[in-house]
Amino acid sequence: MSEFDQLYREVILDHYRNPRGHGELDRPDAEAEGQNPLCGDEVTIYVRLAPDGETIDEVKFSGRGCAISQAATSMLTELVTGRTATEVATLPKDELLEEIGIPLTPVRLKCALLGLGTLKVALHKAKGTPLPEEWAGMAGDLDLR
Amino acid sequence: MAVTAKPKLDAHRLRADFPVFEQLFHGKPLSYLDSASSAQKPRQVLDTMHEFYATSYANVHRGVYGLAERSTERFEAARETVRALVNAPSSREVIFTRSATEALNLVAYAWGLDNLGPGDLVVVTELEHHSNFVPWQYVAKRTGAAFRHIPIDDAGELQLDALDGLAAEGRVKVVANNLVSNSLGTINPVEELAAWAHEQGAIMVVDAAQAAPHRALDVQALGCDFLALSSHKLCGPTGAGALWGRRDLLEQMSPFNLGGEMIRSVALDRTSWNELPYKFEAGTPAIGEAVGFGAAIDYVTGIGLEAIEEHEHMLVAHALERLAEIPGLRAFGPPPERRAGIVSFDIEGIHPHDVAQVLDWEGVAVRAGHHCTQPLMTRLGVAATTRASFYLYTVPEEIDRLVEGLHRVKKVLG
């Protein structure tokens, strides 16, 4: 298989064309917006927790971006549903990357991991779980609203 | 007992790496004794930059194509090289700047403007370079903080017994000091100052522009909070420098320059900042220069900073001994073991500019002036000094030629 065929292998194109978990949740238990400054991908993640306040019952996402970011976020929703917030907060990125299963250059890696990073931010805001380090340090964002 | 030989460098051999020495000035070989101002560039750095621009150059970070990835890899590898040079915990804490001056301005503006106010004290030293002096003077004025200095004694060493008096004056919030004085070569007790700064609840800002080329650095051992570096004093290109800062402080700080690369997202009514270190790297950086900076660090560390330090001590001791034979010459600064390869001096009755002019005819390049340390010149009671400074390619014969030239200066102008 050529590198090109690997990058856009069928499973990626399938998740891109028919994303799982695409949409919004009304009054979610956790929510965050994420952006990839490299290419302008945007994603918003919504999480519904089970009555135990810990198990992830449902994850949805909205936004726009490249095939890699959208497909990876789609796969992510399947990967984390039914797991606990604590576990997902420290989910190694390699677990998602194995699922994606294609070689990624550093720039495309950022696309692939946008959804996971945003999900961790959502859980951090709702549950105080650890924040991924690349999301720290945005103190003093400029907001004119 | 096992005897470990001290690392030695062969300056005569290393000179062959520097094309600049292949030419004559006024028909004479060049004795370049102005390395404290800027160091010469070895072939290894020039070749690396040429090779990078010829084969691997594109804008960094956003490109999806192979050439951009290669360029980004080289740029980020240079960041890692800087990190290793100062033993920083993470390369996220290493910010590329245009110069050490820009790095120090970054701290003064981005930390100082938000954290200083009336009742606070900003403490610098009497032998600071203007780049770690004027930004703090300015930001103190802008915020209403008081601006104070640690005085020096007649040998050019900091008088640490002044610290208690300063602490009694108000809340010390910033202590800013150069690790090595560019005018006198004094190696300052930064570890002690950092410990004192932290006792006061202050941050410790270290200007290492003059120290990095001459001795091994370890930000964790120094205990400082920020440290500024320059490429061009370390055999690298101009237009590149770096700031190391403690991550928690960098995370809390607002950006310094604003524009491309430093953002995460921008809308008409709001903007959010990119992650470290990019939050502080607005605009296309000096990419080839950063790669050259990395090559220069590899070159210097390949020779060994300990060997360089040892070599400079030898040269300073030789210089002080030889300069003592010039009547009316007064050398400033501490003894050789407590200074880097810098000797500043004054010859009674002869202005340093005239000294430097006559020396140039002999092919000897020295600096004459206030060396961007006017408060220090005032303290020494002179308008300017003549400064000879050494580096890894300096040989004792160049110092001998300086001394011969000074005899000529005395003959012509004395």
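The values are calculated or read from the model by the stated rules, or taken from the named source; none is laboratory data. Model, not experiment: these values are computed from the prediction. Every residue, glycine among them, receives a Cβ derived from its backbone with ideal geometry; neighbour counts consider all protein chains shown. Heads up: the accessible areas ignore ligands, DNA and RNA and are worked out on the full protein's heavy atoms, side chains in. Shrake-Rupley method; radii C 1.70, N 1.55, O 1.52, S 1.80 Å.
Here region B:39-66 and region B:145-177 have alpha carbon centers that stand 43 Å from each other. The residues of chain B expose, per residue, 39 Å² of accessible area to a 1.4 Å probe. Scanning chain B for GluC sites (Glu not before Pro) in DSSP loops with at most 12 neighbouring Cβ atoms within 10 Å leaves B:1-324 as the longest stretch between them.
Surface calculation, 1.4 Å probe, protein heavy atoms: A:Lys127 sits at approximately 80 Å² accessible.
Starting from the Cα of B:Arg408, step 7 Å toward the Cβ, then list every residue of region B:17-56 with an amide N under 14 Å from that point. Of the residues in region B:17-56, B:25-32 have backbone N under 14 Å from the label point off B:Arg408. Interface burial in region A:18-66 reaches 10 Å² or more for A:Glu33, A:Gln35, A:Pro37, A:Leu38, comparing the full protein assembly with the chain by itself; accessible area from heavy atoms with a 1.4 Å probe.
In the full protein context, region A:1-127 carries 47 Å² of accessible surface per residue, based on a 1.4 Å probe and ignoring ligands, DNA and RNA. For a test of the definition: using alpha carbon positions, the gyration tensor, and the 1.5 limit on a/c, classify region B:40-100 as rounded, prolate or oblate. Cα axes put region B:40-100 in the oblate bin. Here r is the Cβ-Cβ distance between A:Leu104 and B:Ala167 and R0 is 56 Å; the resulting FRET efficiency, rounded to 0.05, is 0.55.
The helix-based estimate of mean residue ellipticity at 222 nm for chain B, built from -39,500 (n - 2.57) per DSSP H run of four or more residues and divided by its residue count, is -11500 deg cm²/dmol to the nearest 500. Overall shape: oblate for chain B, with the ratio a/c of the largest to smallest alpha carbon gyration tensor axis at 1.5 or above and b/c at least equal to a/b. Amide H contacts for B:Ala58 (H built 1.01 Å from N in the peptide plane; partners 5 or more residues away or on another chain; cut-off under 5 Å): B:Ser71.
Buried on complex formation within region A:98-114 (loss of at least 50 square angstrom of accessible surface versus the isolated chain, 1.4 Å probe, ligands and nucleic acids ignored): A:Val107. Within the same chain, lysines fewer than 8 places from B:Lys41 are excluded, and of the rest, those with a Cα less than 24 Å from its Cα are B:Lys8, B:Lys28, B:Lys233. Would you please give the FRET efficiency between B:Glu80 and B:Tyr53, computed as 1/(1 + (r/R0)^6) with r the Cβ-Cβ distance and R0 = 25 Å, to the nearest 0.05? Given R0 = 25 Å and the Cβ-Cβ separation, E is 0.75. Over chain B, Cα pairs under 8 Å with separation of 6+ residues give a relative contact order of 23 percent.
Which aspartates and glutamates, on any chain, are close to B:Lys173 with Cα under 14 Å apart, when same-chain ones fewer than 8 places away are left out? Of all the aspartates and glutamates, those that pass the test against B:Lys173 - Cα under 14 Å, at least 8 places apart if same chain - are B:Asp114, B:Asp120, B:Glu199, B:Asp225. On the basis of the beta-carbon distance and an R0 of 45 Å, A:Glu10 and B:Leu46 show a calculated FRET efficiency of 0.35.
Residue-wise HN-Hα couplings along region B:315-327, as the Karplus relation 6.51 cos²θ - 1.76 cosθ + 1.60 with θ = phi - 60° gives them from phi, are 5, 5, 4, 4, 5, 4, 5, 6, 5, 4, 7, 8, x Hz; Gly and Pro carry x.
Near A:Asp41, the amide H atoms lying under 5 Å from its own belong to A:Asn36; only residues 5 or more places off or on other chains count, and H is placed 1.01 Å from N. Here the accessible area of chain B is 52 percent carbon and sulfur, with a 1.4 angstrom probe and all protein chains present. Residues in region B:13-22 carry Karplus couplings, in order, of 6, 5, 4, 5, 6, 10, x, 4, 7, 7 Hz; the curve used is 6.51 cos²θ - 1.76 cosθ + 1.60 with θ = phi - 60°, and Gly or Pro positions show x.
In this label model, A:Leu91 and B:Asp248 are separated by 3.0 nm, measuring between points 7 Å along each Cα→Cβ vector. Of the accessible area of region A:4-44, computed with a 1.4 Å probe over protein heavy atoms only, carbon and sulfur atoms account for 42 percent. In the assembled protein chains, B:His129 presents an accessible area of approximately 40 Å² (probe radius 1.4 Å).
Residues of region B:71-100 that lose at least 30 Å² of accessible area (1.4 Å probe, protein heavy atoms only) when the other protein chains are present, relative to their chain alone, are B:Arg92.
Given axes a ≥ b ≥ c from the Cα gyration tensor, I'd like to know whether the protein assembly as shown is rounded (a/c under 1.5), prolate (a/b larger than b/c) or oblate. Since a/c reaches 1.5 and a/b is larger than b/c, the shape of the protein assembly as shown is classed as prolate. Which loop-located GluC sites (Glu not before Pro) does region A:27-66 contain, where loop means any DSSP state but H, G, I, E or B and the Cβ has at most 14 other Cβ atoms within 10 Å? Taking region A:27-66 and a limit of 14 other Cβ atoms within 10 Å, the loop GluC sites (Glu not before Pro) found are A:Glu54.
Taking all protein chains as shown and a probe of 1.4 angstrom, B:Arg98 keeps an accessible surface of around 150 Å². Full extension of the chain between B:Arg330 and B:His198 gives 43.7 nm of extra length, using 0.36 nm per residue less the Cα-Cα distance.
Taken across both chains, chains B and A shield about 2100 Å² of accessible surface from a 1.4 Å probe. Helices meeting the span-like rule in chain A (full DSSP H runs, Cα extent of at least 27 Å along the helix axis, mean Kyte-Doolittle score of 0.5 or higher): A:106-127.
The Cα center of region A:9-34 and the Cα center of region B:224-254 differ in position by 40 Å. Remark: relative contact order (chain A) = 26 percent; criterion is Cα-Cα distance under 8 angstrom and separation of 6 or more residues.
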